[in-house]
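Values quoted throughout were computed directly from the atomic coordinates according to the rules given, and no laboratory measurement underlies them. Here the structure is a predicted model, which is why all the values come from computation and not from measurement. Reconstructed Cβ throughout: ideal geometry from the backbone, glycine too, with neighbour counts over all protein chains shown.
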2 protein chains.
Amino acid sequence: MKNKKMKIARVESDVSQEQLAEIVGVTRQTINLIETGNYNPSLKLCMAICKALNKTLNDLFWEE
Amino acid sequence: MKNKKMKIARVESDVSQEQLAEIVGVTRQTINLIETGNYNPSLKLCMAICKALNKTLNDLFWEE
DNA sequence: ACAAAAAGTAATTTATATTTGACATTTAGT
DNA sequence: ACTAAATGTCAAATATAAATTACTTTTTGT
């Protein structure tokens with residue numbers, strides 16, 4: 001289950017995986033895993049990513 | 001940082017910590033930790049809890 | 001076409017979420 | 001007051017998120 005919404009939001013904000021990683025305090029690989037693989041990030045990390053990209057949890061991580 | 005919103009939603013749904021734990025497939029202690037302590041649950045668990053309580057991520061876990 | 005930046009991926013290690021089991025405290029019903 | 005259910009909490013073990021290092025592939029710009 002790729003996270004396409006997060007990737008789109010990141011690209012729209014014009015930041016690279018590496019830049020986002022630095023902003024939220026994780027490594028580039030962690031960001032990449034969330035966008036590409038089946039990964040299960042922590043709530044804290046999800047929140048940090050949302051705030052960095054000016055989105056909410058529902059915007060980036062909610063699925064029906 | 002207690003999660004009061006989650007506790008309220010759970011009580012409104014009339015389920016105990018133990019029942020919710022069973023529904024989402026974790027132990028009672030994990031549910032208790034989320035409601036009481038400073039805890040950092042996984043996204044998957046947050047989603048499961050939201051669906052069990054008919055709420056969204058923003059409803060239960062978003063903070064500005 | 002070429003170089004550089006960005007993205008994908010894998011193996012191993014480290015940090016921490018979650019489990020397990022157990023016990024103490026609080027709450028609700030009679 | 002008494003009992004049972006629900007909740008709070010702790011220590012130790014296990015599972016897994018995240019870090020680290022390193023390498024390959026794609027994209028992008030010139």
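A few comments on the model shown:
- Of the residues B:L33, B:L43, B:L20, the single one that is within 11 Å of DNA strand C (Cβ to nearest atom), surrounded by 20 or more Cβ atoms within 10 Å (Cβ to Cβ) and free of Cβ contacts under 8 Å to residues at least 40 places away in the same chain is B:L43.
- Residue match in segment A:9-22 (condition: closer than 28 Å to B:E35 by Cα and either acidic (D, E) or touching a helix residue (DSSP H, G or I) at 6+ places or on another chain (Cβ under 7 Å) (or both)): no
- Some residue of segment B:8-21 being away from DNA strand D (no atom under 11 Å from the Cβ), under 9 Å from the mean Cα position of the chain (by Cα), more than 14 Å from chain A (Cβ to nearest Cβ) and on the phi < 0 side of the Ramachandran plot: yes
- The residue of segment A:35-64 that is farthest from B:E64 (Cα to Cα), among those that are in contact with a Leu (Cβ under 8 Å, 6 or more places away or on another chain) and within 9 Å of DNA strand D (Cβ to nearest atom), is A:Y39.
- Within segment A:38-52, the set of residues being at the interface with another protein chain (Cβ under 9 Å from one of its Cβ atoms) and assigned to a loop (DSSP other than H, G, I, E, B) comprises A:Y39, A:N40, A:P41.
- Hey, A:L60 more than 12 Å from DNA strand C (Cβ to nearest atom) and either within 11 Å of another protein chain (Cβ to nearest Cβ) or farther than 18 Å from B:E63 by Cβ (or both) or not: yes
- Of the residues making up segment B:22-37, those that are assigned to a helix (DSSP H, G or I) and more than 11 Å from every other protein chain (Cβ to nearest Cβ) are B:E22, B:I23, B:V24, B:R28, B:Q29, B:T30, B:I31, B:N32, B:L33, B:E35, B:T36.
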